[in-house]
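What follows is a set of notes on a single structure, which appears directly below.
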């Protein structure tokens, strides 16, 4: 097993070469989602915001030949141990791949390669005056923010957490944040503020300390675009963890094109998935939802 | 298991299909360990065009049963930038380099072949003939006459091997014969099959480019037949590809007449698939020779 030293805050971690079969050690219900854990015996500890490509060893291609390709998942939590790094993933059954992952049994094996991509950068790298972080998550997109909150707390950087969900079926995973104070919003009003999580962000950004924090967001495209525009309006630095359909995760397929602010495209798998709000033309990346 | 392909000594018969592996991005994701265990015995570059191309608007991918439709649109940095910054990095891979080029006229192809072949890092060139010739309006690779005439135009420009990538969208044997008559040193097949997908939310085309090409396990039976037909029709070496994901699949193509094989879409699922297929193939060939 490799050394599981914690990487520097925000430093990109290089993936172990190739895919490896990892044992599933846990799969539990978390509200309307599932959290499953895999033991990565030969991989490094990932940085927050990085992702893995996942496929099950058995039964991939089960539903009329799909899923065929591996799927990208941000790591929601991780813990180094004597046998390897435990990786936790948050998943919602919306398609053939996520249905298969939700049904993973303990002891089953999962193919994965990673950690991949560009992680979140510390607040001080986004803007020199920032002292803390505001984390804005929507739905299943709360996953990478949970690990980022832990990493920030470990570095003594305060963060405030705003999470939004559509309804009770499409919510869960709050325990990943491990008791931090969370402000909640739900579109159906079942918990917290009745409305969008961006309503909460807007109030926060209009407060006295608006300029003292960097914003980190992950969630559905419309939420991310709203966060991006709010941050621009208030002159606040932000990073967004985006999603785009990708076949490989390591720059081979050129599928995950995201339009750049200055024209052309980036490959989200190698130049993201975390991007600066001003780097991109829009967070409304077409083509999601094939999970 | 070494093979000679157009005079190039290869450690084993497994290459990558053009546009299915970006060695520079992969090295960034996996580190220098990739060089120590490079999965292919020669590296085929993504197609280079005379000028930079941004590629097609997203979405660029659509998963099908056991397959993938891509509509990438040949994004690349253009000839000059490729020669200046990519080629020196590719030379560090330590395997022979085959550079794929595509022009829309004889003059463009001539510029590409001259510029690329002049570089000592380059062992061979692959001509991507899946584009229309702007002068005739015909897709070069779909017409034996166009293909032969292109080869006659570029053949005198370099003594280095010229490989013609054949399309499966027309019967490839007559085009292969024409390519060989024009002076091609080898042919490779199959490229992707023209395909499209419908937006599940509305009836419009899903892909930003309108249509794309199908690859993956689903196309393997077509590749197997076309490789057999082409190998029977020409005396130049054939590089077979299309849905190869195991050594047995590679063995099938070699048995059908291919001198070397290429792995494409499978590398998206398993970044080290080339190495795995090569080692499985070695066992396969040993088994066949012992019976």
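Filtering segment A:242-274 to residues that are more than 9 Å from every other protein chain (Cβ to nearest Cβ), crowded, with 24+ Cβ neighbours inside 10 Å and over 25 Å from residue B:199 (Cβ atoms) leaves only A:274. Taking the stated definitions as given, is residue A:225 free of Cβ contacts under 8 Å to residues at least 60 places away in the same chain, out of contact with any helix residue (DSSP H, G or I) (no Cβ under 9 Å at 6 or more places or on another chain) and more than 27 Å from residue B:272 (Cβ to Cβ)? Against the criterion (free of Cβ contacts under 8 Å to residues at least 60 places away in the same chain, out of contact with any helix residue (DSSP H, G or I) (no Cβ under 9 Å at 6 or more places or on another chain) and more than 27 Å from residue B:272 (Cβ to Cβ)), residue A:225 qualifies. Considering (1) within 14 Å of another protein chain (Cβ to nearest Cβ); (2) part of a loop (DSSP other than H, G, I, E, B); (3) more than 17 Å from the chain's Cα centre (by Cα), the lone condition that residue A:278 does not fulfil carries the number (1). Consider residue B:24 carefully, then state whether it is within 23 Å of residue B:271 (Cβ to Cβ), within 9 Å of chain A (Cβ to nearest Cβ), assigned to a helix (DSSP H, G or I) and under 18 Å from the mean Cα position of the chain (by Cα). Against the criterion (within 23 Å of residue B:271 (Cβ to Cβ), within 9 Å of chain A (Cβ to nearest Cβ), assigned to a helix (DSSP H, G or I) and under 18 Å from the mean Cα position of the chain (by Cα)), residue B:24 qualifies. Of the residues making up segment A:63-107, those that are more than 12 Å from every other protein chain (Cβ to nearest Cβ) and on the phi > 0 side of the Ramachandran plot are A:84, A:107. Applying the set (1) in contact (Cβ under 8 Å) with a residue 40 or more places away in the chain; (2) away from every other protein chain (no Cβ under 14 Å) to residue A:28 leaves exactly one unmet item: (1). Within segment B:55-76, is there a residue that is without any contact (Cβ under 8 Å) to a residue 40 or more places away in the chain and surrounded by fewer than 19 Cβ atoms within 10 Å (Cβ to Cβ)? No: zero hits. Of the helices (runs of 4 or more DSSP H) lying entirely inside segment A:81-184, those containing at least 2 residues that are within 14 Å of residue A:48 (Cα to Cα) and touching a helix residue (DSSP H, G or I) at 6+ places or on another chain (Cβ under 7 Å) span A:143-154. Only a single item in (1) within 14 Å of chain A (Cβ to nearest Cβ); (2) in a helix (DSSP H, G or I); (3) within 18 Å of the chain's Cα centre (by Cα) is not met by residue B:279, and it is number (3).
The set of residues from segment B:80-109 being part of a helix (DSSP H, G or I), in contact with a strand residue (DSSP E or B) (Cβ under 6 Å, 6 or more places away or on another chain) and crowded, with 22+ Cβ neighbours inside 10 Å comprises just one member, B:82. Within segment A:13-26, does at least one residue satisfy the condition of being outside any strand (DSSP E or B), outside the structural domain of residue A:103 (by TED's automatic domain parsing), over 28 Å from residue B:69 (Cβ atoms) and touching a strand residue (DSSP E or B) at 6+ places or on another chain (Cβ under 6 Å)? Scanning segment A:13-26 turns up at least one residue that is outside any strand (DSSP E or B), outside the structural domain of residue A:103 (by TED's automatic domain parsing), over 28 Å from residue B:69 (Cβ atoms) and touching a strand residue (DSSP E or B) at 6+ places or on another chain (Cβ under 6 Å). Selection of segment A:262-291 for residues being farther than 22 Å from residue A:10 by Cβ and out of contact with any helix residue (DSSP H, G or I) (no Cβ under 7 Å at 6 or more places or on another chain) yields A:262, A:263, A:264, A:265, A:281, A:286, A:287, A:289, A:290. When B:195, B:262, B:231 are screened for being free of Cβ contacts under 8 Å to residues at least 60 places away in the same chain and touching a strand residue (DSSP E or B) at 6+ places or on another chain (Cβ under 6 Å), only B:231 passes. Considering segment B:169-269, the qualifying strands (runs of 3 or more DSSP E), each wholly inside and each with 2 or more residues that are in contact with a helix residue (DSSP H, G or I) (Cβ under 6 Å, 6 or more places away or on another chain) and away from chain A (no Cβ under 13 Å), run over B:186-189, B:238-241. Listed conditions (1) more than 30 Å from residue B:268 (Cβ to Cβ); (2) in contact with a helix residue (DSSP H, G or I) (Cβ under 8 Å, 6 or more places away or on another chain) are all met by residue B:160, apart from (1). Reported count of residues in segment B:31-51, each being in contact with a strand residue (DSSP E or B) (Cβ under 7 Å, 6 or more places away or on another chain) and facing chain A (nearest Cβ under 9 Å), is 1. Per the conditions (1) out of contact with any helix residue (DSSP H, G or I) (no Cβ under 7 Å at 6 or more places or on another chain); (2) buried (at least 18 other Cβ atoms within 10 Å of the Cβ); (3) not in a helix (DSSP H, G or I), the sole criterion not satisfied by residue A:204 is (3). With respect to (1) modelled with pLDDT of 95 or more; (2) surrounded by 15 or more Cβ atoms within 10 Å (Cβ to Cβ); (3) part of a loop (DSSP other than H, G, I, E, B); (4) more than 7 Å from chain B (Cβ to nearest Cβ), the lone exception for residue A:288 is condition (1). Within segment A:57-76, restricting attention to residues that are part of a strand (DSSP E or B) and surrounded by fewer than 22 Cβ atoms within 10 Å (Cβ to Cβ), the residue that is modelled with the lowest pLDDT is A:63.
The values are calculated or read from the model by the stated rules, or taken from the named source; none is laboratory data. What you are looking at is a predicted structure, and each value in this text was computed from that prediction instead of being measured. Don't worry about glycine lacking a Cβ; one is built from the backbone with ideal geometry, like all the others, and counts go over all protein chains shown.
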